[in-house]
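Colleague: Here it is, the structure in full.
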Amino acid sequence: MILTLANQKGGVGKTTLSINLAHAIALSEKRVLLVDADPQASASTWAAARETPSPFPVIGMARNTLHRDLLPLLENYDHCIIDSPPRVSALSKSAILASDLVLIPVQPSSYDVWAAAETVQLIEEAQQFKPEIKALFCINRKVVNTAIGQEIEAALADYPFQIIKSTVGQRIAFAESSAGYSVFELAPASTAAKEIKALSQEILKLLGVEAW
Ligand SMILES: Nc1ncnc2c1ncn2[C@@H]1O[C@H](COP(=O)(O)OP(=O)(O)OP(=O)(O)O)[C@@H](O)[C@H]1O
Ligand SMILES: [Mg+2]
């Protein structure tokens, strides 16, 4: 499967979720490729910061022809995750076009709900070429027992895509993992690791791909 984390808004968790989902899937003995389609190169910088080899390869491919260039590389992999950039719509559109599923991370804030409109439009444009592209919102940095969480779910219902059931909370382990390791390495028993594992399982199940 090819999964893209996309949101034209910056700082919503695209890279954090890409890296940790890639590791979750790699832990199931599947061969995973992480494609860094962001000119900021955050995922590549993450991999370079490690002192041990990354559990999955990370390649930089921030170009508008990604949807074509990627395919020959995928022969050696079971799954591919694409971390896409904020703002640069041509790059994001190419990443979306390459995908089976686009996950749109949104934080529980009204700003994120309004800002999602642009990403939704990009995905709808891509779906005109490739109608089988699926898209789902993913609530990231959820804080338990707050009314805003439920309000966001209601507000997102105005968009044509549903919300994936698994949510990811506001967890310190994710901030720490940005320095070169995943939550499975830094805090394998943490809620953060459990949430990512559940999210990865839900994604694979949804696409009819073998879970672990
Ligand atoms: N669930 C979370 N809990 C705590 N911190 C988080 C969580 N998700 C993301 N963060 C933190 O939020 C910041 C932004 O996350 P990240 O870089 O993944 O966003 P992004 O969407 O990739 O940003 P950009 O648009 O710039 O590429 C990082 O410092 C990251 O550690
Ligand atoms: Mg990023």
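Colleague: Of all residues in the stretch 33-53, which are over 12 Å from K14 (Cβ atoms) and not hydrophobic (A, V, I, L, M, F, W, C)?
Modeller: If the condition is that a residue be over 12 Å from K14 (Cβ atoms) and not hydrophobic (A, V, I, L, M, F, W, C), then P39, S44, T45, R50, E51, T52, P53 are the ones that fit.
Colleague: Where residues in the stretch 188-206 are open to solvent by 30 Å² or more (accessible area, probe 1.4 Å) and of a type in the set (A, V, I, L, M, F, W, C), which of them is farthest from ligand 1 (Cβ to nearest atom)?
Modeller: Here the residue is L206.
Colleague: Based on what the data block shows, is A116 touching a Phe, Trp or Tyr at 6+ places or on another chain (Cβ under 8 Å), open to solvent by less than 10 Å² (accessible area, probe 1.4 Å) and more than 22 Å from P86 (Cβ to Cβ)? Talk me through it step by step, then tell me what you get.
Modeller: Details: touching a Phe, Trp or Tyr at 6+ places or on another chain (Cβ under 8 Å): yes; open to solvent by less than 10 Å² (accessible area, probe 1.4 Å): yes; more than 22 Å from P86 (Cβ to Cβ): no.
Considered against the rule, which asks whether it is touching a Phe, Trp or Tyr at 6+ places or on another chain (Cβ under 8 Å), open to solvent by less than 10 Å² (accessible area, probe 1.4 Å) and more than 22 Å from P86 (Cβ to Cβ), A116 comes out as no.
Colleague: Hey, another quick one. Does the stretch 145-155 hold any residues that are β-branched (V, I, T) and part of a helix (DSSP H, G or I), and which are they?
Modeller: Keep residues of the stretch 145-155 that are β-branched (V, I, T), which gives 146, 148, 152.
Within the stretch 145-155, I148, I152 meet the criteria.
Colleague: On to the next question. Tell me which helices (runs of 4 or more DSSP H) are completely within the stretch 4-109 and hold 1 or more residues being of a type in the set (D, E, K, R) and surrounded by fewer than 22 Cβ atoms within 10 Å (Cβ to Cβ), or say none if there are none. Give the derivation first.
Modeller: Working: elements: 14-26, 42-48, 66-69, 89-97.
By residue number, 66-69, 89-97.
Colleague: Which of the residues that make up the stretch 79-91 are at pLDDT below 95 and either within 19 Å of L204 (Cα to Cα) or of a type outside the set (A, V, I, L, M) (or both)?
Modeller: R87, S89
Matching residues to (1) touching a Gly at 6+ places or on another chain (Cβ under 6 Å); (2) farther than 20 Å from C80 by Cα:
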residue	(1), (2)
Q127	no, no
P131	no, no
N140	yes, yes
Y159	no, yes
I164	no, no
V168	no, yes
P188	no, yes
I196	no, no
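Colleague: Considering only the stretch 1-22, state which residues are more than 9 Å from ligand 2 (Cβ to nearest atom), touching a Pro at 6+ places or on another chain (Cβ under 7 Å) and closer than 19 Å to Q201 by Cα. Steps first, please.
Modeller: Step one: filter the stretch 1-22 for residues more than 9 Å from ligand 2 (Cβ to nearest atom), giving 1-4, 6-9, 17, 19-22.
The next check asks that each one be touching a Pro at 6+ places or on another chain (Cβ under 7 Å); those that pass are 7-9, 17.
Passing the criteria: only L17.
Colleague: Tally time: how many residues in the stretch 112-144 are under 12 Å from P160 (Cα atoms) and outside any helix (DSSP H, G or I)?
Modeller: Of the residues in that region, 4 qualify.
Colleague: Right, here's the next one. Condition first: within 11 Å of ligand 1 (Cβ to nearest atom) and either under 17 Å from L91 (Cα atoms) or touching a Lys or Arg at 6+ places or on another chain (Cβ under 9 Å) (or both). Now tell me which residues in the stretch 12-40 satisfy that. Talk me through it step by step, then tell me what you get.
Modeller: Within the stretch 12-40, the first condition is being within 11 Å of ligand 1 (Cβ to nearest atom), and the residues that meet it are 12-20, 36-40.
Answer for the stretch 12-40, where residues must be within 11 Å of ligand 1 (Cβ to nearest atom) and either under 17 Å from L91 (Cα atoms) or touching a Lys or Arg at 6+ places or on another chain (Cβ under 9 Å) (or both): V12, G13, K14, T15, S18, D36, A37, D38, P39, Q40.
Colleague: Still on this structure: I need the full set of residues from the stretch 156-184 which are over 15 Å from S18 (Cα atoms), more than 13 Å from ligand 1 (Cβ to nearest atom) and either touching an Asp or Glu at 6+ places or on another chain (Cβ under 7 Å) or assigned to a helix (DSSP H, G or I) (or both), in order please.
Modeller: L156, I163, I164, K165
The values are calculated or read from the model by the stated rules, or taken from the named source; none is laboratory data. Given the structure is predicted, the values throughout are model-derived calculations rather than measurements. With ideal geometry, Cβ positions are generated from the backbone for all residues, glycine too; neighbour counts draw on all protein chains shown. Side chains included, ligands, DNA and RNA excluded: accessible areas come from the protein's heavy atoms. Shrake-Rupley method; radii C 1.70, N 1.55, O 1.52, S 1.80 Å.
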